[in-house]
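Below is one structure, written out as structure tokens; the observations come after it.
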Amino acid sequence: MQRYLIMCRSLTYAQRAAATLERAGITATLARAPQQLTANGCGYCVTVSGSRFNAALGVLAKGSVPHGKLYRAEPDGRYVEVAR
């Protein structure tokens, strides 16, 4: 199953994003961001399934929940940035 990472600038924003998505019925997992995706080695992200990615972005926009870059997790372990 395809997974997408929605980067957040802090734990608080990641928690807010995850809670907003869960209230909308979208399963979201709060996680530490992979080190190679953060400038200083620390950060948080919310992961969602590929089938719910666009809906998740809509929910976050509607709820005015800020987020950072977006990445698709590849089967080989790489992360590919995707456009908003």
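Tabulated data
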| read-out | value |
| --- | --- |
| Solvent exposure of region 1-43 as accessible area per residue, Å², 1.4 Å probe | 61 Å² |
| Highest to lowest packing among 21-34, 71-84, 3-16, scored as the average C-beta count within 10 Å | 3-16, 21-34, 71-84 |
| Among (1) 17, 35, 22, 15, 9, 2; (2) 17, 54, 26, 3; (3) 20, 57, 23, 1, the entry that matches P(r) over Cα pairs in 10 Å bins from 0, in percent as calculated here | (3) |
| Cβ-derived FRET efficiency at R0 35 Å, residue 15 paired with residue 35, nearest 0.05 | 0.95 |
| Carbon/sulfur fraction of accessible area - the chain, other protein chains in place, 1.4 Å, % | 50 percent |
| Cα-centre dipole for the chain with unit charges at Cβ (Lys and Arg positive, Asp and Glu negative), debye to 20 | 200 debye |
| Estimated distance in nm for a label pair at residue 49 and residue 81, the labels positioned 7 Å out from Cα along Cα-to-Cβ | 2.9 nm |
| Label-point separation, residue 1 to residue 69 (7 Å along Cα→Cβ), nm | 2.6 nm |
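The values are calculated or read from the model by the stated rules, or taken from the named source; none is laboratory data. Every value quoted in this text rests on a predicted model; they were computed, and no experiment measured them. FYI the Cβ positions are ideal-geometry reconstructions off the backbone, even for glycines, and counts take in every protein chain you see. Remember, those area values only see protein heavy atoms, side chains included, never the ligands or the DNA or RNA. Shrake-Rupley method; radii C 1.70, N 1.55, O 1.52, S 1.80 Å.
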